[in-house]
Amino acid sequence: MKRVTPVLALGLSALLAASVPAHATGSGPLDSYGTKASYEPQQNVHSYQQAPKGYVPVFTENVSRHGSRAATSSKDGDLILKLWDLADSEGQLTGLGKQFGPDVRKLLAAMDKIGYGNLSGRGKQELQGAAARMQQRLPGLFQQIAKDSEPIDVVNSGEARAVASGNAFADTLAADDPALKPLVQPARSDKDLLYFHKSAGGAAYRDYIANDQRLAAALKTITDQPATGRAARSVLERLFKPAFVQRIVNGQFSSLATDIDAAQAVYNLYAIAPAMSAEMPNGRALNMQRYIAPPDAAWFGYLSDAEDFYEKGPGFADSDITYKMADVLLDDFFKQVEAKRDGTSELGAELRFTHAEEIIPLAALMGLPGSTKAVAPDQPYTYANNPWRGASVASMASNIQWDVFRKGDSFLVRMLYNEKEITFKEGCQPVSKGSKFYDLNELERCFGRTTGKGRSTDK
């Protein structure tokens, strides 16, 4: 989590501080992991609604975040180990703390082996499972794809973990049905589509992240609450004896880390440990939970969620800067379905692999559950006043899927979010009450789309 320090707008600090609770509320164990949470499908593969009579599946498309991965660098482990080694040399470790250093070194060694930022064994398993379940849900579609030799397009962001995720997904489809293997096209990369926060289309967004004073003020006020200092001390006291903790708090090691920096490093290692379970000798994640009490993990998870909420999610109610750029991806979803309807596409499936920085704004733009509520500048994001949770919106391998069904000249679309069938945003009318199926013409109307041009600025 970044530490933000720009000057606050006049009076904003007090205004925000008055409305932020002293602790995170409404959080569960999974929430403490934020967007580092490992993936779990949200619906049983045998419990989906049947398409209306006469409709058969003719196309599917998705966008998936890469699977669980190693941390992007060793900085958290390196930082906390320097403090740990010093405390060890001075006899300032607690009994639990003595076990912490060896565990951190095991975790760093595992991440170094696969490469920082790269897909882990668990991440590969998450994508393989998702691919297998897609085939289970749509057996008739994949049989038809094989029969008609319809290509399966695989697109990624170009980043190694997204490339590996797409390969794991596509290889599973081909392994489960060898007839699909020659139909899986060589993977291609499209940064404008699947890494848009770093492409030309994200220029205004990057300026917002770097320079927006209101954003900086909101994050600083949330982070700088007394609860952060209390949680940091609580984390450190599990590892180090009180006198050593006090030296950290007093700034004696400020050239290395503050108390909050050190506790944040412990939290980040806790959050990434489950992603590395397959690389551990017994195939089980290191028990990093013992080094951070649940309330402290929940607090740091909340701070992580707050940053993602303001920087990638619904954000401020009077601005769409955080999610407007995701329109390129929503537009592509519509273009693929429309091309299938118009007979200009031979594809049987369009499979995309990307990152949290794309999934989170797309969820806000599409009005997906948990991503519809923005905040007013004087009402900061909290767990008590907002349902947005990183673990639910964009866990590792989180995904959005549209399945397309045809009957004559009529086309219906069903949406799955993390494999749970959901309704489209408010204002879109399904084909019947309680149905999860929507006529394509209705979706174009609902999203304010003109065929071939596309655009929806609705949240």
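Normalised by the residues of segment 324-459, what does the relative contact order come to in percent, with Cα pairs under 8 Å and at least six apart?
Details: 148 pairs, mean separation 30.8, N = 136.
Rounded, it is 23 percent for segment 324-459.
How compact and how long is segment 351-433, expressed as Rg and Dmax of its alpha-carbon atoms in Å?
Rg and Dmax of segment 351-433, Cα atoms, are 15.1, 52 Å.
Only sites in a loop by DSSP and with at most 13 other Cβ atoms within 10 Å count here; which GluC sites (Glu not before Pro) in segment 309-366 make the cut?
When the GluC sites (Glu not before Pro) of segment 309-366 are filtered for loop state and at most 13 Cβ neighbours within 10 Å, Glu346 remain.
Over the chain, calculate the relative contact order: mean separation of alpha carbon pairs under 8 Å at least 6 apart, over the residue count, as a percent. Kindly include the intermediate steps, with their values, before the conclusion.
Numbers: 822 pairs, mean separation 133.1, N = 459.
With pairs under 8 Å counted, the relative contact order is 29 percent.
Could you check how much of the accessible area of segment 242-309 is carbon and sulfur, as a whole percent, using a 1.4 Å probe?
Result for segment 242-309: 51 percent of the exposed heavy-atom area is carbon or sulfur.
If every alpha-carbon in segment 42-166 counts as one equal scatterer, what log10 I(q)/I(0) does Debye give at q = 0.11, 0.14, 0.18 1/Å?
-0.60, -0.78, -1.02
For segment 103-209, compute Rg over Rh where Rg is the Cα radius of gyration and Rh is the Kirkwood radius from the inverse mean 1/r over Cα pairs.
1.08
Let me know the Kirkwood hydrodynamic radius for segment 224-343, please, with Cα pairs as the basis and the value in Å to one decimal. Write out the running numbers ahead of the final one.
On the way: mean 1/r = 0.0566 Å⁻¹.
So the Kirkwood estimate lands at 17.7 Å.
Taking 8 Å as the Cα distance limit and 6 or more residues as the minimum spacing, I'd like the relative contact order of segment 305-387 as a percentage.
43
Calculate one ³J(HN,Hα) per residue across segment 259-272 by plugging θ = phi - 60° into the Karplus curve 6.51 cos²θ - 1.76 cosθ + 1.60, and present them in order as whole Hz with x for glycine and proline.
In residue order, the calculated couplings are 4, 6, 4, 5, 5, 4, 5, 4, 4, 4, 5, 4, 5, 8 Hz.
Taking the solvent-accessible surface of protein heavy atoms with a 1.4 Å probe, what is the per residue accessible area of the chain in Å²?
Per residue, the chain has an accessible area of 40 Å².
Taking +1 at the Cβ of each Lys and Arg and -1 at the Cβ of each Asp and Glu, which of Gln128, Ala263, Phe333 sits farthest along the dipole of the chain towards its positive end, judged by Cα position relative to the Cα centre?
Ala263
Just to check I understand the Karplus step: with θ = phi - 60° and J = 6.51 cos²θ - 1.76 cosθ + 1.60, what whole-Hz values come out for segment 220-234, glycine and proline as x?
Whole-Hz 3J(HN,Hα) from phi for segment 220-234: 5, 5, 5, 5, 7, 5, x, 4, 5, x, 5, 5, 4, 4, 4.
Show me the three semi-axes of the equivalent ellipsoid for segment 57-115, from the C-alpha gyration tensor (sqrt of 5 times each eigenvalue), largest first, rounded to whole Å.
39, 11, 9
³J(HN,Hα) across segment 376-391 via Karplus (A = 6.51, B = -1.76, C = 1.60, θ = phi - 60°), whole Hz, x for Gly/Pro?
6, x, 9, 10, x, 5, 9, 5, 6, 10, 8, x, 5, 9, x, 5
If you place +1 on the Cβ of every Lys and Arg and -1 on the Cβ of every Asp and Glu, how big does the dipole about the Cα centre of the chain come out, in debye to the nearest 20?
Values: 52 positive and 53 negative charges, 131 e Å.
Here the chain has a charge dipole of around 640 debye.
Restricting things to alpha carbons, tell me how big the chain is in terms of Rg and Dmax, in Å.
Both quantities, over Cα of the chain: 23.3, 78 Å.
Would you mind checking which residues have amide H under 5 Å from Phe353's amide H? H placed 1.01 Å from N; only 5 or more apart, or other chain.
It is Ser64, Val155, Asn156, Ser157, by chain and number.
Tell me what the chain gives for mean residue ellipticity at 222 nm when only DSSP H runs of n ≥ 4 count, each as -39,500 (n - 2.57), the sum divided by the residue total, rounded to 500 deg cm²/dmol.
For the chain, the value works out to -13500 deg cm²/dmol.
Label segment 280-383 by shape, choosing from rounded, prolate and oblate, from the square roots a ≥ b ≥ c of the eigenvalues of the Cα gyration tensor; if a/c is under 1.5 it is rounded, and otherwise prolate applies when a/b is larger than b/c, oblate when it is not.
Note, shape of segment 280-383 comes out oblate.
Please check which bits of segment 211-255 a label hung off Ser319 would reach, taking the label as a point 7 Å along Cα-to-C-beta and the cut-off as backbone N under 20 Å.
Output list for this probe position: 211-224.
Compute the angle between helix 356-366 and the longest alpha-carbon principal axis of the chain, please, reported from 0 to 90 degrees and rounded to the nearest 10.
The two axes meet at around 60 degrees.
Two decimals is fine: what is log10 I(q)/I(0) at q = 0.13, 0.23, 0.25, 0.29 Å⁻¹ for segment 204-268, from a Debye sum with one equal scatterer on every Cα and no solvent?
-0.45, -0.93, -1.01, -1.18
More than 17 Å apart: what percent of Cα pairs in segment 161-275 qualify?
Considering segment 161-275, 74 percent of its Cα-Cα pairs are separated by more than 17 Å.
The values are calculated or read from the model by the stated rules, or taken from the named source; none is laboratory data. Only a predicted model underlies this, so the values are computations on that prediction, with no experimental measurement involved. Note: ideal-geometry Cβ built from the backbone for every residue, glycine included; neighbour counts use all protein chains shown. The area values use the complete protein model at the heavy-atom level, side chains included, leaving out ligands, DNA and RNA. Shrake-Rupley method; radii C 1.70, N 1.55, O 1.52, S 1.80 Å.
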